Amino acid sequence: MFRFAAFAVSAIIFAAAQVALPAIAGPANVGPEKCEKCHRDETKVWEGTAHAKSFKTIHKHKTGKEILKAVGEKRMKRSEICATCHYTTVEDGGKSKPVAGPSCESCHGKASEWIAIHNDYGGAGVKREQESAEHKAARIQKAKAAGMIRPEMLYDVAANCMSCHGLANENLSGEHASAMLDNGHPLNTNYEIVEYSQGTVRHRFYPPDVTVNKEMTKAEMARFYVIGQAAALVSATEAIKKTQHAKYVEGQNKRIAKAKSVLSKVPEASALLAAPSADAGRALADAIADKDLTAIVGGELPTKFK
Ligand code: HEC
Ligand code: HEC
Ligand code: HEC
Ligand code: HEC
């Protein structure tokens, strides 16, 4: 509580608090129930996903025991290694406690530092309909700076999925990733963003009719498909440096080869292909933002979704 108050008061006090509290925590999760009261439709969609359902089942999975043993852990719900990708954890009396499977903040960014900004339309009592355009623009920028991954940041959205899917998370050591693979943990090299985001996961309740969960058009899918391959290329290129473990290297090389085969057909991707990086991925997303790439990749788009 003290730290939260310090953040709110001023940057100067924040700096002082940083000195006083050596182990200052980064952004934290607030948990999906904090989003639910305003986002009922999205919550309902999320509750139907493997992400939400896995909270009750994944720790009972038959290969889990071997995987846990291989990285020196006993219980999945107590393991920080597993929590990186399998759980949403909130701080509770100095301990981190899993409260859900992957949830809102796993994809939109830990919210402790952006939720107040997100809900402030211009001071106490100002309603959303009364917010000025300037305030809204500033609010969006501030929320991003505080770690919110917004829906229109398509490269960042996709890259974030890749941090769990692909066994590529930067916080997972090469040693642990190898031991997990050797003991039955999957590394899904066929993970493709359109196939995985436009089925159970899809929530696109955009205006004008916010009661309808809209499907992507073919042109939107084609762009997201290309952006997903960009994110896979960057993710796998980073991940492959973790370890020389043969199976892991083979898996990441498969992801790289697939991404390159798609991206080599897209002229705007040449800089990214020459030097894969998140910034080059974002630049690609910007460069194709208004383009219809269906003539190039339309034939490869999935017709069934997870
Ligand atoms: C007090 C109500 C409220 C709460 C709590 C809330 N939101 Fe929102 N959120 C909104 C509204 C209203 C919008 C519609 C766009 C706007 O801000 O005008 C929105 C929009 C969004 C968007 C779309 C981007 C945008 O700004 O339009 C995302 C993503 C989002 N919220 C995520 C979350 C997550 C994740 C949580 C929980 C950590 C959360 N919200 C909590 C009210 C809320
Ligand atoms: C880098 C992210 C990541 C980490 C860390 C991680 N997992 Fe997973 N795990 C996944 C993903 C993603 C899947 C789903 C696989 C898929 O379909 O892509 C999965 C699937 C599983 C499955 C289901 C396997 C199956 O055959 O269906 C088990 C069991 C599992 N993980 C156990 C663990 C345990 C135990 C830990 C901790 C030691 C752990 N995982 C750590 C990302 C991770
Ligand atoms: C698996 C990742 C993932 C999870 C979990 C997730 N989102 Fe999203 N969310 C996305 C993506 C991707 C988009 C962009 C959709 C698009 O524009 O195609 C999005 C868009 C949104 C939007 C804007 C579109 C709309 O429906 O109004 C809101 C609001 C939102 N999410 C809120 C939430 C809330 C609240 C939760 C938790 C109940 C949640 N999301 C869980 C990935 C996720
Ligand atoms: C915090 C880690 C994490 C993030 C981020 C994440 N996922 Fe997942 N996802 C998982 C895990 C773990 C599973 C396996 C759950 C299970 O089956 O028990 C999974 C399963 C899924 C499944 C079900 C797969 C199947 O075969 O049924 C889909 C679909 C999916 N994720 C899509 C996405 C998309 C799209 C995004 C990004 C918008 C995303 N995920 C982001 C961890 C994550």
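The values are calculated or read from the model by the stated rules, or taken from the named source; none is laboratory data. Source: prediction; values computed, not measured. Ideal geometry is used to build each Cβ from the backbone, glycine not excepted, and the neighbour counts take in all protein chains shown. Areas reflect the complete protein model, heavy atoms only, side chains present, ligands, DNA and RNA absent. Shrake-Rupley method; radii C 1.70, N 1.55, O 1.52, S 1.80 Å.
What to note about this one:
- Scanning region 85-101 for residues that are on the phi > 0 side of the Ramachandran plot, at pLDDT below 95 and open to solvent by 50 Å² or more (accessible area, probe 1.4 Å) turns up at least one hit.
- Every residue from region 49-63 that is more than 23 Å from the chain's Cα centre (by Cα) and without any contact (Cβ under 8 Å) to a residue 24 or more places away in the chain: Lys60, His61, Lys62
- Against the conditions (1) within 16 Å of ligand 4 (Cβ to nearest atom); (2) part of a helix (DSSP H, G or I); (3) surrounded by fewer than 23 Cβ atoms within 10 Å (Cβ to Cβ); (4) among the hydrophobic types (A, V, I, L, M, F, W, C), Ala219 satisfies every one except (1).
- Candidate set: region 160-196, residues that are polar (S, T, N, Q) and not in a loop (DSSP other than H, G, I, E, B); chosen: the one nearest to ligand 3 (Cβ to nearest atom): Asn160
- Of all residues in region 66-84 being exposed (fewer than 14 other Cβ atoms within 10 Å of the Cβ) and part of a helix (DSSP H, G or I), the one that is nearest to the chain's Cα centre (by Cα): Glu80
- Scanning region 102-119 for residues that are within 14 Å of ligand 4 (Cβ to nearest atom) and open to solvent by 30 Å² or more (accessible area, probe 1.4 Å) yields Cys104, Ser106, Cys107, His108, Lys110.
- Hey, Glu175 modelled with pLDDT of 95 or more, touching a Phe, Trp or Tyr at 6+ places or on another chain (Cβ under 6 Å) and surrounded by fewer than 17 Cβ atoms within 10 Å (Cβ to Cβ) or not: no
- Residue within region 146-156 that is buried (at least 18 other Cβ atoms within 10 Å of the Cβ), among the hydroxyl-bearing types (Ser, Thr, Tyr), within 13 Å of ligand 4 (Cβ to nearest atom) and under 21 Å from His203 (Cα atoms) present: yes
- Pick from region 95-133, criterion in a helix (DSSP H, G or I) and farther than 15 Å from Met148 by Cβ, ranking: nearest to ligand 2 (Cβ to nearest atom): Arg128
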